[in-house]
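Quick notes on the structure that follows.
The values are calculated or read from the model by the stated rules, or taken from the named source; none is laboratory data. Computed from a prediction, not measured in an experiment: that's the story for all the values here. Cβ placement follows ideal geometry from the backbone for every residue including glycine, while neighbour counts extend to all protein chains displayed.
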Amino acid sequence: MKPEKPDDVLEAREPPAKTDARPEVFAISRGQSGWMLSRRSLISAAAAAAAAMPERARAAACVAGSYPHAASVISIAISPDGRLLASGGDSPDDKIRLWSFPDGALLKTMTGQYEPSSLVIRPDGSLLASASRLDGSIKLWSLPDGALLSSVVAYAYSIAITPDGRYLVGGGASGGTNLWSLPDGKLVKNLATSPLALAISPDGLLLANRYGSSIQLWSFPDGVLKTTLTGHTDWVTSIAFSPDGRLLASGSEDRTIRLWSLPDGAPLKTLTGHTDFLNAVAISPDGRLLASGSVDTTIKLWSLPDGAMLKTLTGSSSSVMSLAVSPDGGMLAAALWVPDQTIKLWSLPDGKPLPACLLDPAASCSGSGNGVTYTISGVSHTVPGGSPLPPGAVCTCNTVPFSACCTVGGGCGLVYYYPN
């Protein structure tokens, strides 16, 4: 981002020498002497940055041709400590990527699974499970290094990990629901139900699964059917438990969200406002906010438990495929279909777009493999990576505030700057 005044100074900082060290900031603000930083968590700092920066910086997003995957983003998950985000790309990308969250640095790319449509991270952050509807595989990856631990063929449409981290649960169109022990991935048990969407209650004693347009509640892990929730008029696509386990939210292709009380399963509210299929629902860690994502390209925020609509988020022009809320409840991440083909972030609970963008440095930016392309007065120029840019230049890789282009691994990348 170019300085606003000639006397503004941007200072380049190298990453910490220790891999587990992270820069932290309290707040980002602009005073007479320039931008001011102090220490606080990175997640909260992103929200502070969004509020303090000018509107044009706050609206920053991936520029045309800059994407985290070479296809639509179809799944995301955030680690329990909030320091890592995993994303899955649709075919022909077929990759899982790990990102430092929320700053957006690419950490690792994992291959070997077609269309990783469901991602979940173990509560202790040591393992990522991914499931593919296309090739039928479930893969276990160690974190943060991304090494493949094991792989099974189970044709699971949806997966979840129990709150104690001992079991992976997965189910699909056939073969019922399987329980695998973690981290070894050994099959432990098969339940009768064959869910296409599932969730496990916070106490680990209840499993909810989509069964057509209804939802089945099973005791867990013994697999005894407790009750069936009816009311949706089309397929249920997504399910989420509240953190206290007293409420269940479900999204459906009937364009509604339904709230149910637990454990009795009594219907509480029907939320309307989306104009197309629901793809994702997510509940904040404090249980007071519900986010919903739809094929209609919108994300809506609802208060809980009353179900009042609070806000429709701006910044998306594509189907919303997956949602994840950060562990501190301060940020919402969304995986978006084409044409956005990216991951976007909003602060919570205010729903303001955050100036962050996840970028694959090896494949996303235009320009030659050993340089950077920028435009000025409508004319494109290619210069060596790390070159200073003339006033008025717009760099095709300059997608994050306080960043400039550089060459990484034979492609364009980002170098991050922190102002004095």
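Among Ser318, Ser326, Ser294, which is the only one that is in contact (Cβ under 8 Å) with a residue 60 or more places away in the chain and either touching an Asp or Glu at 6+ places or on another chain (Cβ under 9 Å) or not assigned by TED's automatic domain parsing to the domain that holds Val120 (or both)?
Working: Ser326 fails: either touching an Asp or Glu at 6+ places or on another chain (Cβ under 9 Å) or not assigned by TED's automatic domain parsing to the domain that holds Val120 (or both); Ser294 fails: in contact (Cβ under 8 Å) with a residue 60 or more places away in the chain.
Residue meeting the stated conditions: Ser318.
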Qualifying residue in region 323-336 (condition: under 14 Å from Ser250 (Cα atoms) and crowded, with 19+ Cβ neighbours inside 10 Å): yes
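Got a sec? Which of Leu268, Leu290, Leu248, Leu262 is under 17 Å from Ala199 (Cα atoms) and surrounded by fewer than 22 Cβ atoms within 10 Å (Cβ to Cβ)?
Details: Leu268 fails: under 17 Å from Ala199 (Cα atoms); Leu290 fails: surrounded by fewer than 22 Cβ atoms within 10 Å (Cβ to Cβ); Leu248 fails: surrounded by fewer than 22 Cβ atoms within 10 Å (Cβ to Cβ).
None of the other options fit; the residue is Leu262.
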Consider Thr227 against the criteria (1) buried (at least 21 other Cβ atoms within 10 Å of the Cβ); (2) not in a loop (DSSP other than H, G, I, E, B): it satisfies all of them except one. Which criterion is unmet? (1)
Considering residues that are within 17 Å of the chain's Cα centre (by Cα) and either under 19 Å from Val320 (Cβ atoms) or part of a strand (DSSP E or B) (or both), the number found within region 258-288 is 7
Hey, can you tell me all the residues within region 185-211 that are at pLDDT below 85 and surrounded by fewer than 16 Cβ atoms within 10 Å (Cβ to Cβ)? Lys189, Asn190, Ala192
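Let's see how each residue does on (1) within 26 Å of Gly287 (Cα to Cα); (2) of a type outside the set (A, V, I, L, M, F, W, C):
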site	(1), (2)
Leu179	no, no
Pro202	yes, yes
Ile215	yes, no
His232	yes, yes
Can you tell me how many residues in region 230-257 are of a type outside the set (Gly, Ala, Ser) and in a loop (DSSP other than H, G, I, E, B)? 12
Of Asp328, Asp340, Asp306, which residue is touching a helix residue (DSSP H, G or I) at 6+ places or on another chain (Cβ under 8 Å) and either under 19 Å from Asp90 (Cβ atoms) or outside any strand (DSSP E or B) (or both)? Asp328
Given the criterion assigned by TED's automatic domain parsing to the domain that holds Leu107 and touching a Lys or Arg at 6+ places or on another chain (Cβ under 6 Å), identify the matching residue among Leu205, Leu128, Leu198, Leu217. Leu217
